[in-house]
Every structure is written in structure tokens, then in C-alpha cells.
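The values are calculated or read from the model by the stated rules, or taken from the named source; none is laboratory data. Computed from a predicted model, the values in this text were never measured in an experiment. Methodologically, a virtual Cβ is constructed for each residue, glycine included, from the backbone with ideal geometry; neighbour enumeration extends over all protein chains shown.
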Amino acid sequence: MAATLVKRRVIPGFGLTMGFTLLYMGLVFFIPVGAFLLYTTTMSWDTFWSAITQRQVVASYKLSFGGSLIAATINLVFGALLAWVLVRYRFPGKRLIDALVDLPFALPTAVAGIALVTLYASTGWVGQYLDVFGIRVAYTQLGVVIALTYIGLPFVVRTVQPVLEDLEAELEEASASLGADRLTTIRRVIFPALFPALLTGYALAFARALGEYGSVVFISGNIPFRTEITPLLIVAKTEQYDYHGAAAIGTVMLVAAFMMLLLINGLQWWTSRRHG
Amino acid sequence: MSIEIDHVNKHFRDFVAVDNVSLTFRDGELTALLGPSGSGKTTLLRIIAGLEQPDTGRIRFHGEDTTDLHVSERGVGFVFQHYALFKHMTVFQNVAYGLTVRPRKTRPSKAEIKQKVMRLLELVQLDWTAHRYPHQLSGGQRQRIALARALAVEPKVLLLDEPFGALDAKVRAELRRWLRRLHDDIHVTSVFVTHDQEEALEVSDRVVVMNKGRVEQDGSPEDVYDHPANPFVYQFLGNVNLFHARVHDGIARIGDVQLPAPEFQGYKNEQGQAYVRPHEIEVFAGREHSDALHAKIELVSVVGPTVRLELRTDNSDELVHAELTKHRFRALGLAQGSDAWIRPLYSRVFLPDERVANG
């Protein structure tokens, strides 16, 4: 009987690797997040509720979640397009562009923020021409969306690219031989195959945008009720030693972000189960 | 609908895939394009389909030039080696695909599509899988679905690229017999690519043997097997032994064995190579014929009902392969290491300077 409990596994080292994984997760994830949630519970419900429902805070939720959704959606479309171009065509400078895609990962976000504000300020290289048309980017919500789009760029590209590379050309040929035109093939054959990857990229870009701080604070101008993002408010609260307020807002962010990622993962699970 | 291939050339960089090929596939015929990998057979098939453009030359369907017609407008059914089924669609949706992508004007009604798809699924004997996804089916089932999908658009010609290549031996043999019967029922002009000579000989009405982008021989399966046009076809279609032979006045001599070679009437003392199939070699336990060659049996392998022998003759470095029934082998009472006498029953001689003898 004991022998059946201590089953021999084909892939050895389960105990060691699982133990290490849990230790790691504990040290870098569960303990900090747990402590933070625990700290939140020391607040009374009323102070918690009033901290998270201040008008200024609610306005920042709208910008943070709305801006992140818009930025992730932009990245979904253009990231897919970029991945398509990188996989399907050969052109000079392709390797360079492929390498540049990862730049938003590596460049300090503050540098990106300062670069963007220099470009898009009403006196900047790009901003001065946009100003002619009455379009203002720096210190507006549009600026926030641009910064969030920039930092989320690699996610969709890097999730879609390998899937597109593995997509058999024969599927498209089969579709064409059955009489489908190019657009129909893209809509009915290619898109469904890429859908799970697109969803993953979208979720990652969204999550990344939600947590972004460094690049946004430079271009947004941090005007209360208009261009303040939620992470900025958290930093502002801690600077005023309002740790409870910061923790309360942080909890809202945590729960909301977790719910949205869960939703997207659920959607992905559902589609992959359907399509095998 | 007949297919006419008129002086087609195709190269990829400096590799010549199809080298000035002209062929006509007759209406309702099932033709095998047979050749080793890299012989250009798949490229030729893809050119017929419109998946590849020829550098020069024309393709005509029933006299109508289709060279510049896009694959989606050519009316071909194409079956891929690895099925190329749409994974996110059910079997039903896969088969219906060619009908549902039609423009609204020519698209059949939902009920008509359903009726047609179910009829096709019955034809390939898989109507019970309609609501499954491709990954829930076996390889042989997937290929039958791929075939049903190709037939749904009522193609003028059916093109199959190594359709059984990814399947195991038993399923393969079943499926090719099934394809033969199916073709006898629906009679659509079909071309299939294969590197398996047995498959080509068993299934097709006609075999086109290709090598290095060229057509080596074109004829009925029996014709191609019994009368190979050149050494390549001889060697490609099954095992063969090579003997040194001397040709003189319509007679080929292998050692002391004299065999008729009427195509060499009038030739004097020419040196050539005689090609003899393993089953065309008679094996004796004793010296029953004065002209038989003496040999030693080096290896005996029993493959089901047949016995394959490897023998070494006295004056040759090369092994001779012979094939006989197990029954005959037992009657002879031979074993590994014993002496034997062999005699070719039939041979085909090719002279070194004339690759293609008049055959």
C-alpha cells in the first residue's frame, strides 16, 4: 500500500522543483501581497470605503482602466499587424525592427516618458504640428494613452509572432483552393487560429499598462481629476504618509486587475477547449 | 475534364524543379505522379492547382487556358499530405467551408449545404463525425474528411499531394483501395503524387514516372512495371539486379545464360548492363541446367509468404537478390551458406551509351 503512495515518476525531481517554486513564489509574491492585504484589513470598513471612493480617486480609476483598455486595444491591432509584417515579408531592416520591438522592455520608463513629452509638447518636434490642428498630447489624457501604448507594444507582437510562424501555409492554400478570397481566408482561417495568442497579448499589454507609472507621470502633467492615474495617487498618498489610503487604493487595483485577468484567461481557456 | 500541361518549366533559384514537361491527363482518369523526393512531382501538381506559377508554359483544363487563373477560381480540389483541416471548425464546418465562402448570390441555402455535406460525409463513411473537431479523429479519418471537403466544391479536377504519406502502412493500404473505388464511382479527373511505387501501381489508371524535373516514362501501371523505358525507371520500380551482359545479334548473354534481346538485332559484341528483377531469377539446389551460375547463399530472410535470398556468384563482387515463394524454397531444401545455382529468366539490357533503348 505504501508503495502506491510513493509513486515513482517518469520525470524526476518533482519535490525539489515544486518546493523551490513555492519558496520563490512565497518570497517574491505571496508574502508581499499577503502583507499588503493584511495591512488593508487593519482599516475600518468606513475609512476603507471613503478612501477608495474619493472623487479624485474614482476619476483616476476611470483614466487608469479606460486608458489601459484603449492602449491595449491599439496594441492589439497594430501589434498583430507588426507581427504579420515581421513573419510574412522579407525586407531590408527586418532584423532591426524585430530587435527594436523589445526596446520598451529595456528602456527605463522615465526615459521613455521624458522622450515622449519632449516630442509631443506643444513646442516639440511632433507636438508643434499637431498643435496647428488643435490636438494637444502632452498633459492630456491622450498623452497618457500614448505612453501606455508605447510600453505595451512588445506584448502582442511577441505572443502572436511565434503562433503565426507555426501556422501552416497549407491552411491558407486549402482555403484558397476551396474558393475563398484573401479577406475570407484571413477572417475565417487565420484570425481564429491567432485568437488565443491575440487574447494573451491583449491581457499582458493591458496588465502592463495598468501598472505603469514611470513614463506616464512625465507626459500626463498629473492634473487632478483629469490626468492622474491610479498608481500616481498611491505614490502621492505614501508621500503624505497616508499609508492606509495608499493600501486601500492598491487593494482596489489588485482585485480589479485580478478579476480582469481571470476573465481573459477564462475566455482563453474556453476558446482553446473548443478548438483543441 | 482533361488537363493539358504544355511545356511547363519551373525553377527555384538555381534548382530546376520542373524541366520542360508536357503531359495530357485524360478525362476521368486517375493518374499517379511517381518519383523520388526532389523529382518535381509535387511542384508540377501545385502548378496544375495554381498554388505555384510556372516560369514558362501553359496549363489548360479541357482546352481552356487556366495558367493565369487564381487557385480560388480554377475549380480544383486539393488534398494535402498533412490534411490541412481547419482545427477550429467541426468536421461539418470543414466540409461546408467551400460552399459557405461563396458570394451570397451563388451560395446554396443552409438546408442545401447541410444535405450536401451530409451526403459527402456518408460517401467517405464518416457521417457520424459531423460534430467532432479534427483533433478527435485518426489520421485516416482526417484525410477522408479532407477529401470530402475538396469534393464539396464539385471540382473539375482532384489533385492529391501524397495523400497517404502520413499514415501507417495498414491504413494506407486500406485507404488507397478505398480511393480507387471512390474514383470508380465519381469519375473526376484525378492526379495524385506519391513516392511509393506500390501505391502508384495499385491505384492508378496511368503512371507518370518523374525524375529531376523530367518525365521518365508515362504509361499504364503494367506497362511501366513490365517494360521500364530506362535504367532509372527499372531501379525505381522495385528491386533489381545488375549483371554484365554481352549483346550479340538479338541475344544477350549473362555468363553462359542466353536470353533473347530482340531490340538489339544487328548489334555485334556490345557490352551492356542486364537488369533482372529478383523474382525473375530461378534458383536451383543442384546443377540442373548447364548454363546456370554457381552461387553461395549468404543470407535468407523470410518476409511473410516470400523468401528473399542474397547470393554471391563466383565471379562477382556484387550480391544477387533473388525472391521465391516459401513453398518453393522449402521444396529446394536450401539454407544459409549452402550452394545454389541461379539462372535469370528474363532480362532487359541497356547499353551504356544509349540510356534509353527502344522500348
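Could you check how many residues of the range B:80-97 are within 29 Å of the chain's Cα centre (by Cα) and either within 9 Å of chain A (Cβ to nearest Cβ) or without any contact (Cβ under 8 Å) to a residue 24 or more places away in the chain (or both)?
7
Does residue B:159 count as buried (at least 16 other Cβ atoms within 10 Å of the Cβ), under 22 Å from the mean Cα position of the chain (by Cα) and either acidic (Asp, Glu) or within 14 Å of chain A (Cβ to nearest Cβ) (or both)?
On the way: buried (at least 16 other Cβ atoms within 10 Å of the Cβ): yes; under 22 Å from the mean Cα position of the chain (by Cα): yes; either acidic (Asp, Glu) or within 14 Å of chain A (Cβ to nearest Cβ) (or both): yes.
Yes; evaluated as a whole, the condition is true for this residue.
Within the range A:106-125, take every residue that is of a type outside the set (S, T, N, Q) and loosely packed, with under 14 Cβ neighbours inside 10 Å and give me the one that is nearest to residue A:221 (Cα to Cα).
A:110
Condition check ((1) under 24 Å from residue B:9 (Cα atoms); (2) modelled with pLDDT of 90 or more; (3) assigned by TED's automatic domain parsing to the domain that holds residue B:164; (4) in contact with a helix residue (DSSP H, G or I) (Cβ under 6 Å, 6 or more places away or on another chain)) across all residues:
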| site | (1), (2), (3), (4) |
| --- | --- |
| B:208 | yes, yes, yes, no |
| B:211 | yes, yes, yes, yes |
| B:214 | yes, yes, yes, no |
| B:220 | no, yes, yes, no |
| B:224 | no, yes, yes, no |
| B:230 | yes, no, yes, no |
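Could you check, for the range B:41-60, whether at least one of its residues is assigned to a loop (DSSP other than H, G, I, E, B), more than 29 Å from the chain's Cα centre (by Cα) and away from chain A (no Cβ under 14 Å)? Give the steps one after another, and end with the answer.
Of the residues in the range B:41-60, the ones assigned to a loop (DSSP other than H, G, I, E, B) are B:50-55.
Retained after the next criterion (residues that are more than 29 Å from the chain's Cα centre (by Cα)): none.
Taking every residue of the range B:41-60 in turn, none turns out to be assigned to a loop (DSSP other than H, G, I, E, B), more than 29 Å from the chain's Cα centre (by Cα) and away from chain A (no Cβ under 14 Å).
Working only within the range A:86-97, note down all residues that are within 15 Å of residue A:161 (Cα to Cα) and out of contact with any helix residue (DSSP H, G or I) (no Cβ under 8 Å at 6 or more places or on another chain).
A:89, A:90, A:95
Restricting the first residue to the range B:51-62 and requiring it to be under 15 Å from residue B:158 (Cβ atoms), which pairs with a second residue that is outside any loop (DSSP other than H, G, I, E, B) and of a type in the set (S, T, N, Q) meet a Cβ separation below 8 Å and a spacing of at least six or different chains?
Close Cβ pairs satisfying both conditions: B:51/A:177.
Give just the number: which of (1) loosely packed, with under 14 Cβ neighbours inside 10 Å; (2) under 28 Å from residue B:61 (Cα atoms); (3) at pLDDT below 90 does residue B:197 not satisfy?
(1)
For the range B:17-44, how many residues meet the condition of being of a type outside the set (Asp, Glu) and crowded, with 16+ Cβ neighbours inside 10 Å? Walk me through how you get there before you give the answer.
As a first pass, look at the range B:17-44 and keep what is of a type outside the set (Asp, Glu): B:17-18, B:20-26, B:28, B:30-44.
This time we only want the ones that are crowded, with 16+ Cβ neighbours inside 10 Å, so: B:17-18, B:21, B:23, B:25, B:30-35, B:39-44.
Result for the range B:17-44: 17.
Scan the range A:63-75 and give yes if some residue there is more than 13 Å from the chain's Cα centre (by Cα) and surrounded by fewer than 18 Cβ atoms within 10 Å (Cβ to Cβ), otherwise no. Outline the logic, then answer.
Step one: of the range A:63-75, the residues more than 13 Å from the chain's Cα centre (by Cα) are A:63.
From what's left, surrounded by fewer than 18 Cβ atoms within 10 Å (Cβ to Cβ): none.
Checked against the condition, which is being more than 13 Å from the chain's Cα centre (by Cα) and surrounded by fewer than 18 Cβ atoms within 10 Å (Cβ to Cβ), the range A:63-75 yields no hits at all.
Among the residues that make up the range B:169-180, is at least one of them buried (at least 20 other Cβ atoms within 10 Å of the Cβ) and in contact with a Lys or Arg (Cβ under 7 Å, 6 or more places away or on another chain)?
no
Given the condition in contact (Cβ under 8 Å) with a residue 12 or more places away in the chain, touching an Asp or Glu at 6+ places or on another chain (Cβ under 7 Å) and either part of a helix (DSSP H, G or I) or not acidic (Asp, Glu) (or both), answer yes or no: does some residue in the range A:97-107 qualify?
Among the residues of the range A:97-107, not one is in contact (Cβ under 8 Å) with a residue 12 or more places away in the chain, touching an Asp or Glu at 6+ places or on another chain (Cβ under 7 Å) and either part of a helix (DSSP H, G or I) or not acidic (Asp, Glu) (or both), which makes the answer no.
Please give the number of the condition residue A:267 fails out of (1) buried (at least 19 other Cβ atoms within 10 Å of the Cβ); (2) in a helix (DSSP H, G or I).
Of the numbered conditions (1) buried (at least 19 other Cβ atoms within 10 Å of the Cβ); (2) in a helix (DSSP H, G or I), the odd one out for residue A:267 is (1).
Residue by residue through the range A:126-140, note down the ones that are part of a loop (DSSP other than H, G, I, E, B) and either surrounded by 13 or more Cβ atoms within 10 Å (Cβ to Cβ) or touching a helix residue (DSSP H, G or I) at 6+ places or on another chain (Cβ under 9 Å) (or both).
If the condition is that a residue be part of a loop (DSSP other than H, G, I, E, B) and either surrounded by 13 or more Cβ atoms within 10 Å (Cβ to Cβ) or touching a helix residue (DSSP H, G or I) at 6+ places or on another chain (Cβ under 9 Å) (or both), then A:126, A:135, A:136, A:137, A:138, A:139, A:140 are the ones that fit.
Within the range B:296-309, can you find the residues that are over 16 Å from residue B:333 (Cβ atoms) and either out of contact with any strand residue (DSSP E or B) (no Cβ under 8 Å at 6 or more places or on another chain) or surrounded by 17 or more Cβ atoms within 10 Å (Cβ to Cβ) (or both)?
B:303, B:304, B:308 - these are the residues of the range B:296-309 that are over 16 Å from residue B:333 (Cβ atoms) and either out of contact with any strand residue (DSSP E or B) (no Cβ under 8 Å at 6 or more places or on another chain) or surrounded by 17 or more Cβ atoms within 10 Å (Cβ to Cβ) (or both).
Taking into account only those residues within the range A:170-227 that are in contact (Cβ under 8 Å) with a residue 60 or more places away in the chain and of a type in the set (Val, Ile, Thr), which is nearest to residue B:153 (Cα to Cα)?
Of everything passing the filter in the range A:170-227, A:200 is nearest to residue B:153 (Cα to Cα).
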